[in-house]
Structure formats: C-alpha cells, structure tokens
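Notes follow once the structure below has been shown.
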Amino acid sequence: MGAAEIMRRLRIGETRLKHYLALASWPATYDELTMGRVWAAEDIERWIQEHRADLAEDPEGE
C-alpha cells in the first residue's frame with residue numbers, strides 16, 4: 001500500500017499519516033519506489049486491528 005491507499009483506508013489526511021509514520025508501532029516500510037514508500041497490506045491491516053479497531057471491520061474504508 002502506498003500513502004494514498006493508507007490515507008483512504010484510515011480515512012485520514014496527510015498530516016495524520018505523518019503522525020502515524022513517526023510511531024514506533026507503525027509497520028516497517030516494505031520497499032521504496034520512485035513514487036515513494038510502500039507497506040505490505042497485511043502489515044497495515046494488522047496495525048489497524050491493533051491500534052484502530054474501529055476501522056478493522058471495514059477493509060474498503062467505506
């Protein structure tokens with residue numbers, strides 16, 4: 001997942017994403033591409049289950 005997908009999934013903006021990226025609990029970057037960093041979807045979903053349980057049941061972010 002890239003930053004845009006994570007923001008959509010978590011229903012947050014860029015400022016909040018930057019806050020999350022600084023957390024020790026945030027998943028490690030899977031890779032860095034020309035377009036930016038990406039994370040494994042499984043790692044992001046696990047983080048959501050552990051830290052944002054209110055969104056855990058809604059994988060489409062809708």
Which value, in debye to the nearest 20, describes the size of the charge dipole of the chain about its Cα centre when Lys and Arg Cβ atoms bear +1, Asp and Glu Cβ atoms bear -1, and nothing else is charged?
320 debye
Loop chymotrypsin sites (Phe, Trp or Tyr not before Pro), region 13-56, which have at most 16 other Cβ atoms in a 10 Å radius of their Cβ (DSSP):
TYR30
When the accessible area of the chain is split by element with a 1.4 Å probe, what percent falls to carbon and sulfur?
48 percent
Can you list, bin by bin at 5 Å, the percent of alpha carbon pairs in the chain, starting at 0?
4, 18, 31, 31, 12, 3, 0
Once you put a point 7 Å from the Cα of ALA3 and another 7 Å from the Cα of TYR30, both along the Cβ direction, what distance in nm separates them?
1.8 nm
Residue-normalised value, i.e. accessible area per residue, for region 3-56 at 1.4 Å probe, in Å², stands at 67 Å²
Taking a crude spin-label model, label points 7 Å out from Cα along the C-beta direction, the ALA40 to LEU17 distance in nm is 2.1 nm
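The values are calculated or read from the model by the stated rules, or taken from the named source; none is laboratory data. It should be emphasised that the depicted structure is a prediction, and the values quoted were computed from it without experimental measurement. Note: ideal-geometry Cβ built from the backbone for every residue, glycine included; neighbour counts use all protein chains shown. Note: areas computed on protein heavy atoms with side chains; ligands, DNA, RNA excluded. Shrake-Rupley method; radii C 1.70, N 1.55, O 1.52, S 1.80 Å.
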